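Down below is the structure, laid out as structure tokens.
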Amino acid sequence: MTIAAPQRVLFIGGLGRSGSTLIERLLNEISQTWAVGETIHLWERGIRDRERCGCGHAFDECPQWSQVGLEAFGGWQNVDLERIIGLRWSVDRSRRLPQLYRAHRGRPWNADERDYLDHLRRVLLASATVAGSPTVLLESSKHLSTAALLSADPSLDVRVLHLVRDPRGVAYSWTKQIERPEALGELMPTYRPSRTALRWVSDNLGFRFLAGLGVPTLTMRYEDFLTDPEQGLRSILDFVEVPQPDAFGFLAGNRAHLVTPMHSIAGNPLRFGGDDLLLRMDDAWRTELDARSRRTVTFICRPALGHFGYRP
Ligand SMILES: [Zn+2]
């Protein structure tokens, strides 16, 4: 009898607006990878609300996700949505991080955690099967709690790409009003800079803590990635042990031409953006973020700024 090797998963983690969708789209062009998107939002935004998949189809009309539903549960209609949404909001929360961290130290899962994790695992393993068993699944939920859950599952080989971006750029981005392309007329949420700054500190230090518990982690600054995208991609491929191609046909300097459809659920509007991307830093915060907000963000993040190579 052969025992299947754990499915490799690259978990793209970090605070939203740190470049995750862009990097996910670039990685999705590589044949050994497959982007599933943000599984934390699958139950509500995908199955319940039938929001659009990255391929443009409504969730229930996307052939890829229909197959995954069949493979994982014999069809999405067999998922007890009310229960799983309840579990998502009780188990997969930042406030439960101390308990989730302890699971890495041998604490047994409770019944709710086991059930929730079982659903996530089924979706991931079914995605790998439907996609033709790619080497690496790209999971971009970003949440630290989801990373802490998935990385404690022995049937998955979870490696975390921890993306960090200058907190002033992140804070400015979360003040902007951006339309959600999945749901017409709806806006992405906005947050006050002080709130974003607090999240920046707790999330980034939390990912460091998870790495300290033994979860393989590659910390990458978005600014460094954009300085040399090809080198950035090569570092990530090394990290997940995918053979290096001689060249990335979709990438020329800081221009990318994307051709592979992406069936990811939820995430940044960039998922639906054009196929030609200019990879460059959005530095609008330097002029657009007001001085007071800038001081507040710098003050809150100061103890951790230097740790990630940023200057006050
Ligand atoms: Zn799709």
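Bear in mind these aren't lab numbers, they're just calculated from the coordinates by the rules spelled out. The shown structure was predicted, so the numbers you read here are calculated from the model rather than taken from an experiment. Glycine also receives a Cβ, built like all others from the backbone with ideal geometry; neighbour counts cover every protein chain displayed.
Under a 10 Å cutoff between Cα atoms, tell me which one of Gly74, Gly185, Gly56 has the largest fluctuation in the Gaussian network model of the chain. Per the Cα network of the chain with a 10 Å cutoff, Gly185 tops the list.
Between Thr175 and Asp228, the modelled labels are 3.4 nm apart [label points 7 Å from Cα along Cα→Cβ]. Need one word for the stretch 208-295: rounded, prolate or oblate. Basis is the Cα gyration tensor (sqrt eigenvalues a ≥ b ≥ c); a/c below 1.5 gives rounded, then a/b vs b/c decides. It comes out oblate by the Cα gyration axes.
If Lys and Arg each add +1 and Asp and Glu each add -1, what is the summed charge of the other residues whose beta carbon sits under 11 Å from the beta carbon of Val215?
Values: positive: Arg159, Arg208; negative: Asp157.
Around Val215, the charge tally is +1.
Give me the orientation-averaged projected area of the Cα convex hull of the stretch 95-233, in nm², one decimal.
Details: hull surface 42.3 nm².
Dividing the Cα hull surface by four gives the mean projection, 10.6 nm².
Show me the helices of the chain, taken as full DSSP H stretches, that run 24 Å or more along their long axis by Cα and average -1.0 or above in Kyte-Doolittle hydropathy.
Numbers: long enough: 111-130 (28 Å, -0.23); 193-212 (28 Å, -0.07).
Helices meeting the span and hydropathy rule in the chain are 111-130, 193-212.
Normalised by the number of residues in the chain, the mean separation of alpha-carbon contacts (under 8 Å, six or more apart) gives a relative contact order of 31 percent.
Could you run the Debye sum over the Cα atoms of the stretch 14-164, one equal point scatterer each and no solvent, and tell me log10 of I(q)/I(0) at q = 0.09, 0.11, 0.21 Å⁻¹, two decimals? Log-scaled intensity ratios, in q order: -0.27, -0.41, -1.61.
Among the trypsin sites (Lys or Arg not before Pro) in the stretch 137-196, which ones are in a DSSP loop with at most 13 other Cβ atoms within 10 Å of the Cβ? Mind listing them? Each step should come with its number before you reach the end.
On the way: sites: Lys142, Arg159, Arg165, Arg168, Lys176, Arg195; in loops: Arg165, Lys176.
For trypsin sites (Lys or Arg not before Pro) across the stretch 137-196 that sit outside H, G, I, E and B with at most 13 neighbouring Cβ atoms in 10 Å, the list reads Lys176.
Compute the Cα gyration tensor for the stretch 7-308, then decide on rounded, prolate or oblate, letting a ≥ b ≥ c be the square roots of its eigenvalues: rounded whenever a/c is under 1.5, prolate when a/b is larger than b/c in the other cases, and oblate in all that remain. Rounded, since a/c falls under 1.5.
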